[in-house]
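Notes follow the structure.
Here, each number is a calculation from the coordinates, and none is a lab measurement. The structure presented is a predicted model; accordingly, all values stated were derived computationally and were not measured. Cβ placement follows ideal geometry from the backbone for every residue including glycine, while neighbour counts extend to all protein chains displayed.
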Amino acid sequence: MTTTEEPATTTAAVPAARPQPREGVRAFPPGFVWGTATAAYQVEGAAEEDGRTPSIWDTFSRTPGKVLGGDTGDVADDHYHRFREDVALMQRLGLRAYRFSVAWPRITPQVSADALGPVNPAGLEFYSTLVDELLAAGIEPAVTLYHWDLPQALEDAGGWTNRATAERFAEYAGIVAGALGDRVKTFITLNEPWCSAYLGYASGVHAPGRTDQAAALTAVHHLNLAHGLGAAAVRAAAPGARVALTLNLAWVRTDRGTDADHDAVRRVDGLQNRVFLDPVLRGSYPADVLADTASVTDWSFVREGDLELVHQPLDVLGVNYYSPTVVRHWDGAAPRAEADGHGASTHSPWPACEDVEFPELPGHKTAMGWSVDARGMRELLLRMHAEHPGLELLVTENGAAYPDVLVDGHVDDADRIRYLRDHLGAVLDAVEAGAPVRGYFLWSFLDNFEWGYGFSKRFGIVHVDYDTQVRTPKDSAWWYSGVIGANALPTGD
């Protein structure tokens, strides 16, 4: 099959020795898992090879005006053909774990709302071979089952507004877990369902590009249901595996002190955090969220028994954190601020929050326009520890995009190193305060297709020349390698 053909090596020359942390370090706990992460549509390419059919992101990115620069993931980083080279580079950097996602359209290309369709052996073989390659390199695979690439055929039948999508997801999850569960220890059901629901169905800046707040809330529930059904399916197919869920939790705060400002914090926290955490971990939806959104929907799509299905035991909670979320009450007297970093749209991703605004903050920002504040990492991990004691935590994404420039085979990305140092320090703060954080997955291993921003934003610790596919480790890659090797964070600059 195509995946057995090895392309020419395209990794740039790298230093013979890894830089080591300076004297003066803060140690991480023994056995702390050091990893990196990618997502299938962002890196794989090979969009029409080996039986793969279109996902909603194929359709969205090929629609003029949807993605900056007209970029698509048709080729991306060509990881589908170059994964052996990429794994070898991970090994050279000393990475201990790799979180990747499975492209659903490779596994059951002919899925419909009524039936999953036949399994595609070539799709399963690719991921099985990738897992074997990782294990041979001493790198632990962590598999995300859904990172936003819903088969287009399911979107045509209603997408996440259709309950059947959750049912088909569970069947697909069981197939993947059955094929890989003899070697993979951790399966993450969903990545950031907030983005899938609100950016995909309310603001329209992500695939499938809908702008309907009621549809977004329907999608919230069906994504929660998909997690619950998928968790059960994974456990049935791979009894020894751990089940995780990754949420992009927000550290929501206000920079003003009125009652209305604090109520804005409560409402946004409900829509971003508690509407996912509570049904999964408590078996109920927050009453205030249901009341806040009553003008949008009556939540009649929640059927009797659904919350029991959603409320499956969770082995690991994955926390993704990039930037703080600051909100204020908006009184309508001036144009509403929308500096929330989720892409330009005339449609809000926040149902029933017409009187909430997101002010732009002073200080350092990444290339995404996201404010940098590592305190949010610490606060979120400590909050999860306080509210759900004993629940194992993983930082499943954290990183930053900067306007990296390759000069004479070298990328000096001091801003990213500073960002990572500060956020890893915040992780350590939480660990030292008792939070059971077991590992950290840096986003991202490679520069890649950054959704609606195309190839204009670079999150990777490895630079990718998209014309030649040459990979060049940035200074941040070697800095991170040194941290991993020492299992400790240098305290100096």
Contact order relative to length for the chain, counting C-alpha pairs under 8 Å separated by 6 or more residues, stands in percent at 20 percent
List every DSSP H helix in the chain whose Cα atoms extend 30 Å or more along the helix's own long axis and whose mean Kyte-Doolittle hydropathy is at least 0.0.
-> 213-237
Which value does Rg/Rh take for region 60-123 over its C-alpha atoms, Rh per Kirkwood?
-> 1.08
Write down Rg/Rh for the chain, rounded to two decimals, with Rg from the C-alpha atoms and Rh from the Kirkwood relation over Cα pairs.
-> 0.94
Within region 271-338, DSSP-loop GluC sites (Glu not before Pro) with at most 11 other C-beta atoms within 10 Å are Glu304
What does the convex hull of the alpha-carbon atoms of region 335-427 project to on average, in nm²?
-> 8.9 nm²
Specify whether the C-alpha gyration tensor of region 240-289 places it in the rounded, prolate or oblate class, a ≥ b ≥ c being the square roots of the eigenvalues: rounded for a/c under 1.5, otherwise prolate if a/b is larger than b/c and oblate if not.
-> oblate
Stokes-Einstein, Kirkwood over Cα pairs, region 204-348, 10 °C, 1.306 mPa s; D in µm²/s equals 93 µm²/s
Treating cross-link reach as a plain straight distance, find the aspartates and glutamates whose alpha-carbon is under 14 Å from the alpha-carbon of Lys474, omitting any fewer than eight places away in the same chain.
-> Asp404, Asp408, Asp412, Asp413, Asp415, Asp447, Asp465
Shape call for region 344-493, from the Cα gyration tensor axes a ≥ b ≥ c (a/c under 1.5 means rounded, otherwise prolate when a/b beats b/c, else oblate), comes out oblate
Rounded to the nearest whole Å³, what is the per residue volume of the convex hull around the Cα atoms of region 407-493?
-> 119 Å³
Anchor Lys185: aspartates and glutamates whose Cα lies under 14 Å away (excluding residues fewer than 8 positions away in-chain) | Asp132, Glu140, Asp315
Among DSSP beta bridges whose residues both lie in the chain, state the antiparallel percentage, nearest 5.
-> 25 percent
With a 10 Å radius around each residue's Cβ, average the other Cβ atoms per peptide and rank 243-254, 259-270, highest first.
-> 243-254, 259-270
Range of Cα positions in region 22-130 per principal axis (Å), largest first | 57, 34, 26
